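S.K.: The following block contains the structure, expressed as structure tokens.
Bear in mind these aren't lab numbers, they're just calculated from the coordinates by the rules spelled out. Just so you know, these numbers come straight off a predicted model, no measurement behind them. Note that each Cβ is placed from the backbone with ideal geometry, even for glycine, and that neighbours are counted across all protein chains shown.
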Amino acid sequence: MTEDPRTTGPGDAPPPRPAASLVLLRDARDRIEVLLLERSVDDTVLAGAHVFPGGKLDREDADDDVIARLDADPAVLHAMLGEPELDAREAAALHVAALREAFEETGVLMARGADAAMVAKARALHREGHGWGELMAALDLRLDASLMRPWSRWVTPKVPTMMRKRFDTRFFIARLPEGQVPEPDPREAVAARWMGAREALERYGSGEIDMAAPQIMTLAHLSRFADVNAAMHDASGRRPPVIRPEPIETATGRIICYPGDPAHPVTERAMPGPTRLLFEKNRFRPETGFEAWFD
């Protein structure tokens, strides 16, 4: 449950902001590939890191006219998200936010009948400064929320490791729509790269790229699936886990614990892979070495 800002006193950590992220996937010859955006070094959140498209929830995401453009009943989306503390409108708005952020940051338009001409028009309207609601109304878009699957929910700890801001982020997965090619908005990212999940972890481990723990742990999870259909099937058959990392300060540095770890208050494991990561020299790594990502 999102922390109540009314319980936050002077000197306490700020409450996390609701956010959503869309993990875009495609099948390669022998693996799943994931779209990663390289943030600008001037970005205020995760500068220079490789991330999934995403961002904070906007007020417009919950507008009646915007939610009405989803191709799925908000009640169904609410049930799939598995968060009874939310209402159907809030659940639908999180889906909208993920679709909006993916479009704004990559130009990928998850909408019914989104052919090359429609995508080009939508991108042109976005460049001209038209808002999400205006754009959808102008093109009479029907958003393809039915092609998304909730994957996980990550809540930034009260003492963050890599950034000052806190987020309560719902991660969704979706297959890249056929015929669309991501084109990152230069105001949002300097590059968009497709990588196999294991390849991305290898490049992170070598210091070639930077990532935050939610991206790293999500890639370790996705590396276990042979293709996009398998990942989507898995997401459809379970409730998205809630992951609240627990940092522990030790004499040798910070350790980040996840559900299922002996030092975490939640005893049930939430995802495959290591249940704790060492954070040293601004890098996350499993205590037992690289192959622990895939145990």
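S.K.: Among the GluC sites (Glu not before Pro) within the stretch 86-186, which fall in a DSSP loop and have no more than 11 other Cβ atoms within 10 Å of their own Cβ?
M.R.: Passing sites in the stretch 86-186 are Glu128, Glu178.
S.K.: What's the magnitude of the charge dipole for the stretch 180-295 around its Cα centre, counting Lys and Arg as +1 and Asp and Glu as -1 at the beta-carbon? Answer in Debye, nearest 20.
M.R.: 180
S.K.: Does anyone have the angle between helix 88-106 and the longest principal axis of the chain? Alpha-carbon axes, 0 to 90°, nearest 10?
M.R.: It works out to around 90 degrees.
S.K.: Rg and Dmax of the stretch 139-295, Cα atoms, in Å?
M.R.: Calculated on Cα positions, Rg and Dmax stand at 16.7, 58 Å.
S.K.: Can you find, among Leu222, Phe167, Val66, the residue farthest towards the positive end of the dipole of the chain? Put +1 on the C-beta of Lys and Arg, -1 on that of Asp and Glu.
M.R.: Leu222
S.K.: Could you list the square roots of 5 times each eigenvalue of the Cα gyration tensor of the chain, that is, the equivalent ellipsoid semi-axes, sorted largest first and rounded to whole Å?
M.R.: 30, 22, 19
S.K.: What does the extension gain come out to for Val266 and Asp63, with contour length at 0.36 nm per residue minus their alpha carbon separation? Intermediate results must be reported in sequence, preceding the final value.
M.R.: Working: separation 203, 0.36 × 203 = 73.08 nm, distance 3.55 nm.
Contour length minus the Cα-Cα distance gives 69.5 nm.
S.K.: With +1 assigned to the C-beta of every Lys and Arg and -1 to the C-beta of every Asp and Glu, and no other charges, what is the dipole magnitude of the stretch 10-127 about the Cα centre in debye, to the nearest 20?
M.R.: The dipole magnitude comes to about 480 debye.
S.K.: May I pose another question? Could you order the peptides 67-79, 207-219, 279-291 from most to least packed, using the average number of other C-beta atoms within 10 Å per residue?
M.R.: The densest-packed peptide leads the list: 207-219, 67-79, 279-291.
S.K.: For the stretch 205-283 and the stretch 46-100, write down the distance between their C-alpha centroids in whole Å.
M.R.: Each part's Cα centre sits 23 Å from the other's.
S.K.: On to the next question. Using square roots of five times the C-alpha gyration tensor eigenvalues, list the equivalent-ellipsoid semi-axes of the stretch 231-270 in whole Å, biggest first.
M.R.: On the way: eigenvalues 149, 20, 9 Å².
For the stretch 231-270, the semi-axes come out at 27, 10, 7 Å.
S.K.: Which one, Gly131, Gly82, Gly48, has the greatest fluctuation when you compute a Gaussian network model over the chain with C-alpha springs under 10 angstrom?
M.R.: Result for the chain, Cα springs under 10 Å: Gly131 fluctuates most.
S.K.: What is the helix-to-structure angle for 116-127, meaning the angle in degrees between its Cα long axis and the longest Cα principal axis of the chain, kept from 0 to 90 and rounded to the nearest 10?
M.R.: Around 70 degrees separate the two axes.
S.K.: Among 110-120, 242-252, how do they line up from the highest to the lowest mean number of other beta-carbon atoms within 10 Å?
M.R.: Peptide ranking by packing, descending: 110-120, 242-252.
S.K.: Among DSSP bridges having both ends in the chain, what percentage is antiparallel? Round to the nearest 5. Spell out each step's value before the answer.
M.R.: Values: 34 of 46 bridges.
Bridges in the chain are about 75 percent antiparallel.
S.K.: Let me ask something else about it. With +1 assigned to the C-beta of every Lys and Arg and -1 to the C-beta of every Asp and Glu, and no other charges, what is the dipole magnitude of the chain about the Cα centre in debye, to the nearest 20?
M.R.: In debye, rounded to 20, the chain gives about 540.
S.K.: How high is the relative contact order of the stretch 56-123, given as a whole-number percent (alpha carbon pairs under 8 Å, six or more residues apart)?
M.R.: That works out to 29 percent.
S.K.: Follow-up. Kirkwood Rh over alpha-carbon pairs of the stretch 29-125, then Stokes-Einstein at 20 °C and 1.002 mPa s: what D in µm² s⁻¹, rounded to an integer?
M.R.: For the chosen part, D equals 140 µm²/s.
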